[in-house]
Amino acid sequence: MRATIADRITSGVEDARDELVELAADLVRVPTVNPPGELYRECAERLGRRLQAYGFAVEYLRSEPDPDPSHPRWNVLGTRRGAAARPLVHLNGHLDVVPPGDGWTVDPFGGETRDGRLYGRGSADMKAGLAAAVIAAESLRRAGVELAGTIEVSGTVDEESGGFAGVGWLAETGRISAARTDHVIIPEPLGVDRVCVGHRGVYWCRVRARGKIAHGSMPFLGSSAVDPLGRFLERVRTELRPALRGRRTDMPVVPEEARWASINVNAVAAGQAGMSPQTPCVADQGEVILDRRFLLEEGFEAARREIVELVEAVAAENRGWRLEVEDLLVVHPTRTPAGDPLVIALEDGILEVLGREPTLVASPGTYDHKHVTRIGGVASCVAYGPGVLEQAHQPDEWCAIDDMVASAKVMALALLRLVGPR
Ligand SMILES: [Zn+2]
């Protein structure tokens, strides 16, 4: 009996191929560029109208407080409740896209399809995935499946800038929380045969140096902030970076090179702004911004302490050097528990739909997963969706239509397993 339902569902997705592509293209055609966060309401409504047509109860939820009232942060949440409130599976995709940038040969917001691909900014990351999630949910309804639990689909804002007014806010207000939500699937472009079980941690900080201003013709009367910063950067390169290259996580981070702890100097500035007209002065202030990716095995406290100690060691080299560390952002690493039923349901779906062994991966960067687990307390969360990571944020971004259909089938089978008839 179950085999027939599964067959009906997957052939239903196949029949909805054009509908799926059209929905994804429709979303791509709204340039929800972030920053600043354009046209969220318009995009949310396009998604909301479709959810409504598919039997979802739809709510439009504006983040409060709104970080930028001139670009209102509208999220959309659709709910289809079956026999009970739980189990509840929440499918979430972000509506925002990064600016198109240069180098396009197609209209970034045209939603063009060609040679089996949907093109456009946000096609892979991640409007195709969001559309696939919607069709996955709809295919259960079309196959006449009586839900034992509830399916939710949300389109949320600001993932590209941290997700605080989107998934972060839904989690903070309890809409995504362990008290009501059992599983969360985020169809980010990790590939149709891979399930993403988390990410490394992120620590951004500013190392600031203060010197003493003086005339540039008599630098001996001042103290340059560039000197301690230069020394610090040198020690990052010759001491910290080699140490980090010795630390590898057990998490299956892809690409393979991202399995090590790392540090990137994101910005360096000191004295007068480089492009502006100059007056002769000793730089009395300067800063570097660091982007440290730390491992679950390292932990945040140790990663931070290591930088603070290096800064202190540099300051101790010269009596006149003054340096301080300011935390800018911390994202703790997250990992879906081994043997999680959501992971197993998706793995089985991949095997069934694609006939391939699924791979577990972890993301090199972070995404909204962090809010689901850290704020919402929902451990059963993964990223799974069509498109390849390498297409994200690129010119001529595309997503393969076959992958959109395949991922919708996989998600549909997982939904059947998790909220289908008992
Ligand atoms: Zn994304």
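Residues of the range 80-102 being in a loop (DSSP other than H, G, I, E, B), more than 16 Å from the ligand (Cβ to nearest atom) and either β-branched (Val, Ile, Thr) or within 24 Å of the chain's Cα centre (by Cα) (or both), which ones?
Result: Asp102, single match.
Considering the range 169-199 alone, what residues qualify as being surrounded by fewer than 24 Cβ atoms within 10 Å (Cβ to Cβ) and either more than 30 Å from Glu357 (Cβ to Cβ) or more than 16 Å from the ligand (Cβ to nearest atom) (or both)?
Residues satisfying the conditions are Glu172, Thr173, Gly174, Arg175, Ser177, Ala178, Ala179, Arg180, Asp182, Asp193.
Would you point out the residue of the range 9-28, among those that are surrounded by fewer than 17 Cβ atoms within 10 Å (Cβ to Cβ) and not hydroxyl-bearing (Ser, Thr, Tyr), that is nearest to Leu354 (Cα to Cα)?
Glu14
Kindly establish whether His332 is within 16 Å of the ligand (Cβ to nearest atom) and under 30 Å from Glu306 (Cβ atoms).
Criteria not met by His332.
Give me a count of the residues in the range 371-422 that are of a type in the set (Asp, Glu), assigned to a helix (DSSP H, G or I) and within 14 Å of the ligand (Cβ to nearest atom).
Residues that pass the stated criteria total 1.
Can you tell me which residues in the range 290-324 are surrounded by 17 or more Cβ atoms within 10 Å (Cβ to Cβ) and in a strand (DSSP E or B)?
Matches in the range 290-324: Leu290, Arg292, Arg293, Phe294, Leu323.
Give me the strands (runs of 3 or more DSSP E) completely within the range 108-188, filtered to those with at least 1 residues that are at pLDDT 95 or above and under 12 Å from His90 (Cα atoms), ordered by residue number.
The qualifying strands (runs of 3 or more DSSP E) are 150-156, 183-186.
Only one of these conditions is not met by Ala209: (1) more than 30 Å from Thr334 (Cα to Cα); (2) assigned to a helix (DSSP H, G or I); (3) small (Gly, Ala, Ser). Which number is it?
Unmet for Ala209, out of (1) more than 30 Å from Thr334 (Cα to Cα); (2) assigned to a helix (DSSP H, G or I); (3) small (Gly, Ala, Ser): (2).
Identify all residues within the range 136-167 that are within 16 Å of the ligand (Cβ to nearest atom), of a type outside the set (Val, Ile, Thr) and crowded, with 24+ Cβ neighbours inside 10 Å; write none if there are none.
Ser154, Gly155, Asp158, Glu159, Gly163, Ala165, Gly166
The values are calculated or read from the model by the stated rules, or taken from the named source; none is laboratory data. Being a predicted model, the structure only gives us computed values, none of them experimental. Neighbour counts run over all protein chains shown; Cβ positions are idealised from the backbone, glycine included.
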